[in-house]
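The values are calculated or read from the model by the stated rules, or taken from the named source; none is laboratory data. This structure is a prediction, so every number in the text was calculated from the model and none was measured. All Cβ positions, even for glycine, are placed from backbone atoms using ideal geometry, and neighbour counts span all protein chains on display.
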Ligand SMILES: NC(=O)c1ccc[n+]([C@@H]2O[C@H](COP(=O)([O-])OP(=O)(O)OC[C@H]3O[C@@H](n4cnc5c(N)ncnc54)[C@H](OP(=O)(O)O)[C@@H]3O)[C@@H](O)[C@H]2O)c1
């Protein structure tokens, strides 16, 4: 394989991991020291969607932020508060914080974290008037992590959650008094089917017309066939036709494009993680929520159900460790 001249690059090594290199370890320490993200968040009030998900929950361990408003799907405020306690605060992910703050942990959480009942599928994100007003007044940063992450869901459902909903969040962002940043969590796979080094450029619509997809979905309301089956297949066909592997990836890509189109002067940061897997070191090595992309493969191999896995050893595998 052609050596690209980069020290310890996975592109330049025939084996994985590449041979141990002390200089690379120092690089790693520099990376761990960060590029100032923690400092950026210091004291900022943030509004988070998708906080009960794998990524959102992990991000909440940032303790230096000001207030955190978490949008949680629930039938009422009390149910949202219960989900906050059961699924987030009492998660083993927060053991370290509990140990750090001891008896004050509860007070610490109460002072910082506010559960907001809502749903990104609804106008105004399904929030009540009081929550809308507080968030508009307080929040500096929005992190939109909520999404539907099932690859082959119904097209109409994925379109609403991953294309329409980010735009609902952006419209809400535009009403905030002092917003400094809108962070949208996308996926590395929006750049589907490109080979070689793929730069993280903004996606442009190209030949894709979002209005066509919307009118297709509006027209396609089958009454005499199984609607679920119909919309699942419809998504797979559109993805294939337009150049993506799954309906999820197609919708995440269109979601990015639409956000770019409507953001106006809102500062927009789009993050494109690869497969997200368990925690690397903190707070618990190996912590993960549910069985994710690679989990089933690893477990099946461990149990002997999957005897082998075809892969090209020269191709780097990109996995995010939390
Ligand atoms: N996991 C990965 O490997 C991976 C890789 C690349 C990119 N991403 C992106 O990273 C983000 C987070 O992924 P994740 O793995 O944390 O996902 P996840 O574990 O499936 O969680 C999804 C989150 O979105 C929320 N949500 C879904 N529909 C909602 C709605 N209508 N209203 C309000 N909240 C809603 C869910 O709430 P409930 O708990 O109420 O369902 C949950 O909190 C997503 O944007 C995803 O596309 C993930």
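Key figures for this structure:
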| read-out | value |
| --- | --- |
| Condition check for residue 175: farther than 24 Å from residue 54 by Cβ and out of contact with any strand residue (DSSP E or B) (no Cβ under 9 Å at 6 or more places or on another chain) | yes |
| Leading residue by the ranking (farthest from the ligand (Cβ to nearest atom)) among those in the range 133-148 that are in contact with a strand residue (DSSP E or B) (Cβ under 9 Å, 6 or more places away or on another chain), farther than 12 Å from residue 70 by Cα and part of a helix (DSSP H, G or I) | 138 |
| All positions within the range 63-78 that are within 24 Å of residue 291 (Cα to Cα) and either away from the ligand (no atom under 12 Å from the Cβ) or surrounded by 23 or more Cβ atoms within 10 Å (Cβ to Cβ) (or both) | 70, 71, 72 |
| Candidate set: the range 286-307, residues that are within 16 Å of the ligand (Cβ to nearest atom), assigned to a loop (DSSP other than H, G, I, E, B) and without any contact (Cβ under 8 Å) to a residue 60 or more places away in the chain; chosen: the one farthest from residue 257 (Cα to Cα) | 286 |
| Unmet requirement for residue 48, which otherwise passes all of (1) modelled with pLDDT of 75 or more; (2) out of contact with any strand residue (DSSP E or B) (no Cβ under 7 Å at 6 or more places or on another chain) | (2) |
| Whichever residue in the range 262-280 is more than 16 Å from the ligand (Cβ to nearest atom) and touching a residue at least 40 places away in the same chain (Cβ under 8 Å) and, among such residues, is nearest to residue 211 (Cα to Cα) | 262 |
| Which numbered condition residue 111 misses (of (1) within 16 Å of the ligand (Cβ to nearest atom); (2) surrounded by fewer than 21 Cβ atoms within 10 Å (Cβ to Cβ)) | (1) |
| Residue count, the range 119-129 (criterion: within 10 Å of the ligand (Cβ to nearest atom) and free of Cβ contacts under 8 Å to residues at least 60 places away in the same chain) | 4 |
| Which listed residue, of 284, 294, 314, 268, is surrounded by 12 or more Cβ atoms within 10 Å (Cβ to Cβ) and under 19 Å from residue 146 (Cβ atoms) | 268 |
